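Just so you know, all these numbers are worked out from the coordinates, no wet-lab data involved. Note that this is a predicted model, so its numbers are computed, not measured. Here Cβ is always computed from backbone atoms with ideal geometry, including for glycine, and neighbour counts include all displayed protein chains.
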Amino acid sequence: MEVKEIFDYLPHRYPFLLVDRVTEFVSGESLKAFKNVTFNEPQFTGHFPNNPIMPGVLIIEAMAQCTGILAFRSQGVKPDGSTMYYLAAVDNCRFKKPAIPGDRLDFEVVTKGNKRGIWKFECVTKVDGKVIATADLLCAERKV
């Protein structure tokens, strides 16, 4: 999926759309995607000016955006403004290495369960094949 199709599954837009492309999708099971980290992104003016590091919360947000794409697409629906997926919990989150401009963040998201609109996912972020972040995310489907 290229970014124009990602727009169909996420309400996010610049500067908060954090998924550049989906490279693999298995309905109801998993998704792989990536984001290219570039120096001209707004967070780097303050985090940190002489040592730019991608904020961990934005890595978590990017993983959560991947879960939203996986959940909507697995159900065969596109958001129509009446339903949203909200990040409900972040568990077992670990950061092993910082992400910096020039990195490509590779996301791997696996569905671990779905009950009554509450989805559980295992998420991994890698750079150059090495794990830099992991988290278990809960996302809640809610009517707007």
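Overview of values
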item: Residues whose placed amide H lies under 5 Å from that of Ile132, excluding near-sequence neighbours; result: Thr125, Lys126, Val127
item: Extension gain (nm, one decimal) between Arg104 and Glu24, 0.36 nm per residue minus Cα-Cα; result: 27.2 nm
item: Cα-based reach from Lys115 at 21 Å (exclusive), listing lysines while leaving out same-chain residues under 8 positions away; result: Lys78, Lys143
item: Neighbour-count order for Ser27, Ser74, fewest beta carbons within 10 angstrom listed first; result: Ser27, Ser74
item: Structure-derived Rg and Dmax of the Cα atoms in Å - corresponding label in [x] 19.0, 58; [y] 14.6, 46; [z] 14.2, 39; result: [y]
item: Given Lys4/Lys96; Lys32/Lys97; Lys4/Lys35, the pairs whose alpha carbons are separated by over 24 Å; result: Lys4/Lys96
item: Cut-off under 5 Å, modelled amide H: who pairs with Met54 long-range; result: Ala99, Ile100
item: Nearest 10 degrees, 0 to 90: helix 56-74 Cα axis against the chain principal axis; result: 30 degrees
item: Highest-first arrangement of 122-131, 81-90, 99-108, where packing means the average Cβ count within 10 Å; result: 99-108, 122-131, 81-90
